[in-house]
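> Below you'll find the structure I mean.
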């Protein structure tokens, strides 16, 4: 009687394991994936390249940091990136696009291209608004807005109260620290404006189609150099803040006598208490010599001095802002021009990629829409920018398209 051939126990165990259904779900459609064990002891399995249920590509590396996965995962254990984020997987392989997908990609690419001129104006205005939000300019505007309510019919005690309230609201006690924070915010904004991160995330092979511009080939170096140039220009006139602070200090210091004069019943002069040319005084006149022997001045003379001091405070603040704007203007214009040329190059490259069979729709959508809703502070800042652009001629259709891009992609 022939002996029965002894089977390899490992082979038997492998055969049994392959017959035992180990349920591994597709992260996109939740269909079962067919798996095979490669390592019995550690239960390491081989995953298929694609899901048989929905056709999604099963990723073996993180699309964010390229970390190699040992098993199917929804989030990367190294960088925390979400591996599968859409109902249809984003693949950047050279695949045939459907006609409807290509039409959507062409439309999205056209929207991106059409938005370049408005985006240039937005970038320019963003930096100028940041300059105008310096503490001296804010204080001067707060003060002027408050005293603008004074008319010839406003009583003298009411005028004094309005001026006192305006001085309190236009507080410059933290001006130096606030200006430093403002400068740092401008540097950070200059250093953050780039679309390369989006291309790296959504289209890792973009350099096959997009190259030939310093903002694309050396983005980090060029971006930091631009931020440094902006910082140098925006800080050129920082020392003038001390003069503005001195004007403001004088107004606060001599306000008690101003209030006392304005409330004195025997003072019958009907003046409004500010010089006729509210913004017309000579910058820097209100020095210590102007206040010399102020105790010996009569009421009329004192009010004239106080009015000129108001002129000098506001003029100094507005002049500081104007000179800073002029200092950054050339740098901002150069960056805006570079933005236009580099962005056109990017969209030309994406069109070539589309013609080569790549699905560029997710890339264009990421370039057009923001990832997350704007926070309140950012939304308020951009509203200032948009309102300024509307005053400069931004059309209703341009505004609609701009606002659409400041929101996340709509869900269909």
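The values are calculated or read from the model by the stated rules, or taken from the named source; none is laboratory data. All of these numbers come straight from a predicted model, not from anything done at the bench. Cβ coordinates were reconstructed from backbone atoms using ideal geometry, including for glycine residues, and neighbour counts include every protein chain displayed.
> Checking the condition closer than 16 Å to residue 234 by Cβ and buried (at least 22 other Cβ atoms within 10 Å of the Cβ), which residue from 328, 310 passes?
The unique qualifying residue is 328.
> Please tell me if residue 335 is closer than 29 Å to residue 243 by Cα and surrounded by 14 or more Cβ atoms within 10 Å (Cβ to Cβ).
no
> Next question. Using the structure shown, decide if residue 142 is in contact (Cβ under 8 Å) with a residue 60 or more places away in the chain and either in contact with a strand residue (DSSP E or B) (Cβ under 7 Å, 6 or more places away or on another chain) or within 21 Å of residue 324 (Cβ to Cβ) (or both).
No: the conditions fail for residue 142.
> Same structure, new question: Considering region 162-204 alone, what residues qualify as being assigned to a helix (DSSP H, G or I), more than 15 Å from the chain's Cα centre (by Cα) and free of Cβ contacts under 8 Å to residues at least 12 places away in the same chain?
168, 177, 180, 181, 200
> Within region 215-233, can one find any residue that is under 27 Å from residue 334 (Cα atoms), assigned by TED's automatic domain parsing to the domain that holds residue 342 and outside any helix (DSSP H, G or I)?
Scanning region 215-233, I find at least one residue that is under 27 Å from residue 334 (Cα atoms), assigned by TED's automatic domain parsing to the domain that holds residue 342 and outside any helix (DSSP H, G or I), so the answer is yes.
> Which pairs have Cβ atoms under 9 Å, sit 6 or more apart or on different chains, and link a residue in region 116-133 that is crowded, with 17+ Cβ neighbours inside 10 Å to one that is not in a helix (DSSP H, G or I)?
Within 9 Å, the pairs are 118/394; 121/392; 121/394; 123/193; 125/392; 126/193.
> When residue 258 is evaluated against the numbered criteria (1) surrounded by 16 or more Cβ atoms within 10 Å (Cβ to Cβ); (2) at pLDDT below 50; (3) over 29 Å from residue 182 (Cβ atoms), which criterion, by number, is the only one it fails?
If we test residue 258 against (1) surrounded by 16 or more Cβ atoms within 10 Å (Cβ to Cβ); (2) at pLDDT below 50; (3) over 29 Å from residue 182 (Cβ atoms), just (2) comes out false.
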